[in-house]
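The structure appears right after this line, and notes come after that.
The values are calculated or read from the model by the stated rules, or taken from the named source; none is laboratory data. Here the structure is a predicted model, which is why all the values come from computation and not from measurement. Cβ coordinates were reconstructed from backbone atoms using ideal geometry, including for glycine residues, and neighbour counts include every protein chain displayed.
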């Protein structure tokens, strides 16, 4: 496994643990289909959350928040629609698209976590 993939899986695992502590329930991790990938699919009460995890070790180029451009959002929406078509057990849930941003601090000793609920919408 290449180092970037390993690092991505590490931070996705940290994000999952953080969200579990916030009371969410894991449905699926690293869901893949022909349209794309969703890092985490979780339930928060009766809301199905499609969560994109982004880590950045610097604020250069806008940091983690700028790492989910509109094209990536569209891919996540399309992937979520395919997921729902294949998993009708979730059809009764409302859904939302969240971003969990992890930003390394300048001192390299800590990581800020910013969980943005309803980070973007399906159009």
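Conditions tested, residue by residue: (1) over 24 Å from residue 4 (Cα atoms); (2) at pLDDT below 95.
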| residue | (1), (2) |
| --- | --- |
| 17 | no, no |
| 33 | no, no |
| 51 | no, no |
| 62 | no, yes |
| 72 | no, yes |
| 82 | yes, no |
| 96 | yes, no |
| 104 | no, yes |
| 121 | yes, yes |
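Total residues in segment 7-25 satisfying the condition of being free of Cβ contacts under 8 Å to residues at least 24 places away in the same chain and assigned to a loop (DSSP other than H, G, I, E, B): the figure is 1. Selection of segment 26-52 for residues being on the phi > 0 side of the Ramachandran plot, assigned to a loop (DSSP other than H, G, I, E, B) and surrounded by 13 or more Cβ atoms within 10 Å (Cβ to Cβ) yields an empty set.
Looking at residue 57, is it surrounded by 14 or more Cβ atoms within 10 Å (Cβ to Cβ), more than 14 Å from the chain's Cα centre (by Cα) and at pLDDT below 85?
It is true that residue 57 is surrounded by 14 or more Cβ atoms within 10 Å (Cβ to Cβ), more than 14 Å from the chain's Cα centre (by Cα) and at pLDDT below 85.
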